[in-house]
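This report concerns only the one structure given below.
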Amino acid sequence: MKYSKLFLILMMILSLFSGAFVGKESIKRFLPASLFMAIIVKVVNVIAKKRKWWWWYQKIHPSVSGEFPFVWGSFLVGSLWILKWTYGNFIKYMGLNLIVDSAFTYVLEPYLQRFGIASLVRMKKIQLMYVFMVLTILLYGFQFIKEKSLVKRAVSFN
């Protein structure tokens, strides 16, 4: 409990710091989809709070919830990295997301609960995995549509 706020802040700083190594071209290519995903995850958190799917106990600041570092740190930068490593190979993309989402759900979530940061309330772990899989498909779909529209636009200019 004593170090949970520090953990959240460090997690966000380290996530954003790692984003600097994604590469300028990858950031330019994948940032719109990653921002879209962060916004969708924020909306899901609003719904989750209302329906008590999960609960964030720890706050970084009285007006900043503990979800903030996850949404604008881990999910944003994680989306950039995953798209950079796997975009164009849907099976590889889904496999990596399954590994990352499972690690969060079955390894990290118990620690978040133990340290009083967050916990699942009215949602089972398998249901959280379903939510993550829907988010995963939305992210890939957004990037696919974005790239398809850029190709159409480039062809129409020629």
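Read-outs: derived from the displayed coordinates by stated rules, not from any lab. Treat the numbers as computed from the prediction; the structure is a model and nothing was measured. Because the Cβ atoms are built from the backbone with ideal geometry, glycine has one as well, and the counts that use them run over all protein chains shown.
Over the chain, DSSP H runs of length four or greater, each weighted -39,500 (n - 2.57), average out per residue to a 222 nm ellipticity of -23000 deg cm²/dmol. A simple rule links phi to the HN-Hα coupling: the Karplus curve 6.51 cos²θ - 1.76 cosθ + 1.60 with θ = phi - 60°, which for region 89-101 gives 10, 4, 5, 4, 4, 5, x, 5, 5, 4, 5, 5, 5 Hz, with x for Gly and Pro. Looking at region 1-55, the chymotrypsin sites (Phe, Trp or Tyr not before Pro) that sit in a DSSP loop and have at most 14 other Cβ atoms within 10 Å of their own Cβ are Tyr3, Phe21.
Local charge for Lys84 was computed over the other residues whose Cβ lies under 15 Å away, with Lys and Arg +1 and Asp and Glu -1, and equals +3. Farthest toward the positive end of the dipole of region 1-56, out of Ser15, Trp56, Ser26, is the Cα of Trp56, where the dipole comes from beta carbon charges about the Cα centre. Coupling constants for region 33-46 follow from the phi torsions by the Karplus curve (6.51 cos²θ - 1.76 cosθ + 1.60, θ = phi - 60°), and in residue order they are 5, 5, 5, 4, 5, 4, 5, 5, 5, 4, 4, 4, 5, 5 Hz; glycine and proline get x.
Largest GNM mean-square fluctuation across Asn45, Asn89, Asn97, computed for the chain with C-alpha springs under 10 Å, falls on Asn89. Using Cα springs under 10 Å in a Gaussian network model of the chain, which residue among Ile137, Ile99, Ile13 shows the largest mean-square fluctuation? In the Gaussian network model the winner is Ile99. For Leu128, the shell of other residues with beta-carbons less than 10 Å away shows a net charge of 0, using +1 for Lys and Arg and -1 for Asp and Glu.
Among the trypsin sites (Lys or Arg not before Pro) within region 13-105, those in coil by DSSP and having at most 16 neighbouring Cβ atoms inside 10 Å are Lys52.
Considering only Met123, Met37, Met12, the Gaussian network model of the chain with Cα springs below 10 Å gives its largest mean-square fluctuation to Met123. Taking Lys and Arg as +1 and Asp and Glu as -1, the other residues whose beta-carbon sits under 13 Å from that of Pro69 total +2. Which pairs, out of Lys42/Lys124; Lys49/Lys148; Lys124/Lys148; Lys50/Lys84; Lys52/Lys146; Lys59/Lys92, put more than 31 Å between their alpha-carbon atoms? From the list (Lys42/Lys124; Lys49/Lys148; Lys124/Lys148; Lys50/Lys84; Lys52/Lys146; Lys59/Lys92), the Cα-Cα distance tops 31 Å for Lys49/Lys148; Lys124/Lys148; Lys50/Lys84; Lys52/Lys146; Lys59/Lys92.
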